[in-house]
Each structure stands twice: as C-alpha cells, then as structure tokens.
Amino acid sequence: MNEQVISFARQELDKYLKKLNVKADLSLGLFASFSIEMDLKDPYRDDAYVICVKNQKGFIAGSNERSVLLGVYRLLEEWGITWVRPGPNGTHYPKTCSAPDLDIREAAHKRHRIMCIEGAVSLENVLDMVEWIPKLGFNGYYIQFTKGHEFFERWYTHQLSTVKEPGEFTSEEAESYVAQVTAAIKQRGLLLHRMGHGWNCTAFGVPDDGWHEYKYEDIPQSFHDICALVNGERKCWNNRPMETQLCYSNPMVHDKLVNEVIKYTEEHPETDVVYFWLGDWWNNTCECEECMKVERYAEHYVNMINSIGDRLVEKGLKTQIVFSTGTNRAWPPLNKKIKHPDNTIMMFAPITRTYGESFPSKFNITTLPPYKHNGFVMPITVDDNLAYLYAWKQVYQGDAIDFDYHLMWDHILDAGGEDIARVAHEDIKNFDNLGLNGFISCQLQRNAFPSSIGMTSIGKTLWNHNTNFEKMKRDLYAATFGEDAVDTLCEYFGTLSKGFDNAVIRRKKDMHPAQFRANLEAAIKAMDEIQPYIEAHLNVEDPCQRDSWKYLAVHRKIYTVLGQSFLARMDGDYDKEKALRKQSQHIAFENEDIVQPVLDCMYYAHVTNTRIGFLNPELSNEVTL
Ligand SMILES: [Zn+2]
C-alpha cells in the first residue's frame, strides 16, 4: 500500500474538516481493509470508492490509494464544499455544515480522466491544477515533452504580451519545475502521463524544446539524412524538426526510436503512461521506395509500437504506450495488428473537428475516403472524424481514448463558455456508444473565464455520465457567484454563448449573417447592461465569489470590444476590425495580473489573431487547425 498517498488524503480531510468546523471520526484505506468487493477490471487504474458515514463516524475506502483521496474530496463536496476553480480562492465553503450521513458506492464510468498541460503556464498554475483535478474526479496528469519547456517559457517570457517585458527562462528551470510537478502528481497517487512530441528529435540528438524553426545549418546533417524523402528531397521539413517525419522503414531509425522509448520507460518507473508520437505535421511522410512498399503508411508505426510492446513484455514493464491514429496514420493498416493491447492505449485526436456539434450516439459514417499516400485531408465534421475511429476499432481491441481540444482554442471564442461545455458533456455521454474509455483534455491550464463550467463538465461527466448538465451548471454558478445570481447569470452566459457562436466564428458552420449579427448585438447589449449588477457584487464577503465577480468585470470589457470587432468585420471594415481586436487583446494583457489564474492572455491573443475564420479574406480553407 502507498502510505504516502493515504496519509496525504488524511491531511486533506483534516484540513477541510477544520474549515467546515466539523469533527468526524473517519477511517481511510483500501477496499481490502474494509472487506469490500467490487468488480473492477484493473484496480490500479480503475477508480472506485465506498463512503459510509453515520453520525460523523465511518470510513472512506478506495479501489486504490488515489481513489481514497477522490473519496475524501467527494465526501467534502457532499458536505457543502465546491471546488470552483484551480488557484487562489478557488474553493467555496458553505456557511454552515450539517455533515449529513452518507452511503455512496461508485466506480468511475471512464477509466482515463486525464488533464494535459498546454498554453502558457507558471509553475504555480500547474501546481494549482494538479491540486484541483482530483477534487473534480480526474485521475491523471500529462506532462508533454521531456521538460515541458515550451509551456513555461511562453509564460515566463510573456510571449505576445503588449504590457509585460519578456523575462528570462532556462532549460534548468523547466527541468526543476517538471520535477516539482511530478512530485505533486505522485503525492496524490495520480497517474503520470509523459512525453509524446519529439521522439523523432531526441532519439537523434535534436532537442524537443518546441515547434520553432531552426536554421538549416544548425540541424545536424545526420538528422537531415534520415528525414522523410518528400518531393524528391530528403531533409528536415521546413527546418522544423518537431514537425518532420523520418524514413521509418530505415532499420536504424526504427531501432533508435524503439530504444529511446524503452530507455525512457526504464529510467522513469514513476511514469504510468508514455506517449509515442511521430512528427507533428502531415502529408510530409517518406516517399522512398522502401517506405512506399506498405499498403498503408500506418504499418511503419505499428511495426515500431509492436517492437516497443515486445520489449515491455520481455522486461516485465507495466508502463502503457499511447499511440495516435491521426493524420497519415488515420487509415488503419490492412495487414498488421497491434500485438499487445494490454500495454497500449489507442488515442483518437480529432484536432480539426468542429466544436459546434457533439459526438453522436453511433457511428454515422463507416467508410473512409480512398487511401492516398501524403493525401490526407483533415476532416472537419464530427462524423467524418469518427469514421477513422471506427476503422481503427475494427483492427484494435484495446483501450481507446479521445484526446480532445474543447478547451484549447475554441472555448476562447465562446464568450459564455456554456456551449463548448455542453458539447464536451454530450461527447462524453456518448463515449460508450463509440467504444471510448476515457478522455485526455489537451487544454489551456488557465481556463475558468467566465467560469469553470468547461472543466467541471468534463471532470464530472467522466466520473458519472448520468450527470445532469443544467443542475451541475446551476450548482457551480451558485458556489461561484452566489445563489441569488444564478438565474441572472444563466441568462447572461447563455446570451453570450449564443452571440459568440464558436463554430461560425471558426468558419466550421455556415453563417446566417442577419441571425449572427442579431445574436452578437444582443450579447454586446447584455455585457453593457450587466455592468451595474457586476459592480454591485464586487465587494461581496465570500472571497471565492468576490474573485469571481472581479474576473467577470474584466471579462465583459474584453469581450465587448471583441464583439465590436466582429461587427466591424461584418461591415467589411477590416482596419477597424483589426484595431478593435488588438484593443481587446491589450485590455486582456493590461488586466493580466488580475485574471492570470483564469485566463491565458497569450492564448487569447493567439486565438484571436489566427483562428477567427468567418468572413476572413486572409484565411484560406486549408487553415482549419
Ligand atoms: Zn523512407
């Protein structure tokens, strides 16, 4: 038994009971200690708890140590605490706690409930998130790259900021931060997911420190020599090693990649799941004679995954390997199978999908476009994306997960945050029908603006897919803003989500100009009219709610100007559109010290610079990411 995690669960219980002013005599331990039996496939990975309390006496038992901690947070929630958002003043306490009797016996509906680092982050932002996710029912944290350098660097150098001077950030700092985050993950018994991007670099002596462009001559010739042969040339793709595919039929390339993954796995026994991805761009795969011999490009990938699987089995390692079925590997192999489904997890990452519609209750399309080497077209509709999942599921019977991006880009354009949260909720509810056993939320870590409904929806629906969205939303708003404000804010956020239709803004859904304009104008009017109401709440007593209103005051300033820029765009006045859009970014940056824990201002600027697609003459149809 991992005593460290149980003792952490005890500390957390004591800390919050004190806040609630409740005395309770509760034992904590694994199912076996309380003679509890539950039918679980894999008690290490499958979370379940039994909470049994009468007159403040009883126990919290878990299928594993992490589940004991999850059970502690669940009890505290039942006793009135709301985990509103990560970071300072993120917890809401009830005025009084009656500590009612509890009799709860639950297992998580989905095995994999993982938060993935993205965006621009400080060390504190990431530690706050690691602290928060088990409170919401997540069971793992995924740190990308060897040092997560890219994400920390974006914050500490204040990329895109119009206000802050760039700071310094070193590789050593990144390394130390990852060590601290890892310790926090392990302290809670959360599953540690690692790596992903960049094996195609690190295995060959090129650093995996981001997607930036190198000078041709700064990339070792030995690297150029093993890159994919594309259009008759063998060299690093656009001088971006991270995006480059290699010549995977080359036995040396195959062996080095496999060895690199095995070496990492052996040297990092604390890692539960290792992601093995290839280069990040697409239609840049090798066209050499040997690589072209396969009927499907994915066969090269499956060969490597099987070699890794063989070695894991040989060495008795329990680490699981995540493989990704996207882009040129979206067509499954015809003649090869993944040999070790227990050691692997299949990741479906519909990165170009629209978030204007949710996953359906069944596969509506089960045939794929004809296979074409370097001829992959990114699908946009949900059904076209899911067709590839269906095809892969015919050849792979292990765990499959949705690696998705609801809260990465598009949520920034959904000013109310509710539409995207509802799509995530509906997606997860349909996971069983689509054979998906979990979710990795690849998302900005600072993500509760105007509320945490997106993350809350994901966490709670993954634990229990019968969660009622409306009730969850109202409960969250009551804790976040106060019971008296729930009706007003439901209407307000609803109006904002309707006015900022993210699918139309991203040009992933047809626009009806008159309707769009009317909804947008209604949203702008609502943001004007709510000002005195927000101001009247800026000094409420409750510190969690006080911060929420403070964030809301900044939110309306930013989105009012963004909305006005959309109107200018509709009028065809692109100079005014740009000026207003830049002004809204500047308002965000000016207020960053206030909203830092809940809004990723760098990504606000990035998304509003690059992903507003409607009526945009500069964006071609090719740009769909
Ligand atoms: Zn080749």
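Assorted remarks:
- Filtered residues of the range 491-507 (kept if part of a helix (DSSP H, G or I) and more than 24 Å from A478 (Cα to Cα)): N502, A503, V504, I505
- Residues of the range 243-263 satisfying the condition of being under 15 Å from P220 (Cβ atoms), crowded, with 17+ Cβ neighbours inside 10 Å and among the hydrophobic types (A, V, I, L, M, F, W, C): L246, V253
- Conditions (1) farther than 24 Å from V561 by Cβ; (2) among the charged types (D, E, K, R); (3) in a helix (DSSP H, G or I): number failed by D510: (3)
- Matching residues, the range 240-261, being away from the ligand (no atom under 11 Å from the Cβ) and under 16 Å from G198 (Cβ atoms): R240, P241, M242, E243, T244, K256, L257, V258, N259, E260, V261
- Residue selected from the range 493-509 under the condition open to solvent by 20 Å² or more (accessible area, probe 1.4 Å) and in contact with a Ser or Thr (Cβ under 8 Å, 6 or more places away or on another chain), by the criterion nearest to G613 (Cα to Cα): R506
- Of everything in the range 219-234 that is within 14 Å of the ligand (Cβ to nearest atom) and open to solvent by less than 50 Å² (accessible area, probe 1.4 Å), the residue that is farthest from N328 (Cα to Cα) is H224.
- Residue within the range 478-489 that is under 18 Å from H537 (Cβ atoms), open to solvent by 10 Å² or more (accessible area, probe 1.4 Å), at pLDDT 95 or above and among the β-branched types (V, I, T) present: yes
- The range 205-236, subset among the aromatic types (F, W, Y) and modelled with pLDDT under 95, residue nearest to L257 (Cα to Cα): W211
- Residue in the range 302-320 that is closer than 24 Å to L407 by Cα and assigned to a strand (DSSP E or B) present: no
- Restricted to the range 270-295, and to residues there that are within 30 Å of A179 (Cα to Cα) and either within 15 Å of the ligand (Cβ to nearest atom) or free of Cβ contacts under 8 Å to residues at least 12 places away in the same chain (or both), the residue that is surrounded by the most Cβ atoms within 10 Å (Cβ to Cβ) is G279.
- Yes/no for E357 being in a loop (DSSP other than H, G, I, E, B), acidic (D, E), more than 16 Å from the ligand (Cβ to nearest atom) and surrounded by fewer than 21 Cβ atoms within 10 Å (Cβ to Cβ): yes
- Residues being touching a residue at least 60 places away in the same chain (Cβ under 8 Å) and surrounded by fewer than 18 Cβ atoms within 10 Å (Cβ to Cβ) - total across the range 161-185: 3
- Only one of W237, W199 that is more than 16 Å from the ligand (Cβ to nearest atom) and within 25 Å of R296 (Cβ to Cβ): W199
- Top-ranked residue of the range 296-308 - restricted to ones that are within 15 Å of the ligand (Cβ to nearest atom) and among the hydrophobic types (A, V, I, L, M, F, W, C), ranked as surrounded by the most Cβ atoms within 10 Å (Cβ to Cβ): A298
- Helices (runs of 4 or more DSSP H) within the range 517-625 that include 3 or more residues under 26 Å from the mean Cα position of the chain (by Cα) and surrounded by 17 or more Cβ atoms within 10 Å (Cβ to Cβ): 543-570, 574-590, 601-610
- The lone criterion from (1) open to solvent by 40 Å² or more (accessible area, probe 1.4 Å); (2) part of a loop (DSSP other than H, G, I, E, B) left unmet by F376 is number (1).
- Some residue of the range 142-155 being farther than 24 Å from G198 by Cα and touching a helix residue (DSSP H, G or I) at 6+ places or on another chain (Cβ under 7 Å): no
The values are calculated or read from the model by the stated rules, or taken from the named source; none is laboratory data. None of these values were measured; they are calculated from a predicted model. All Cβ positions, even for glycine, are placed from backbone atoms using ideal geometry, and neighbour counts span all protein chains on display. Surface areas here come from the heavy atoms of the whole protein model, side chains and all, with no ligands, DNA or RNA. Shrake-Rupley method; radii C 1.70, N 1.55, O 1.52, S 1.80 Å.
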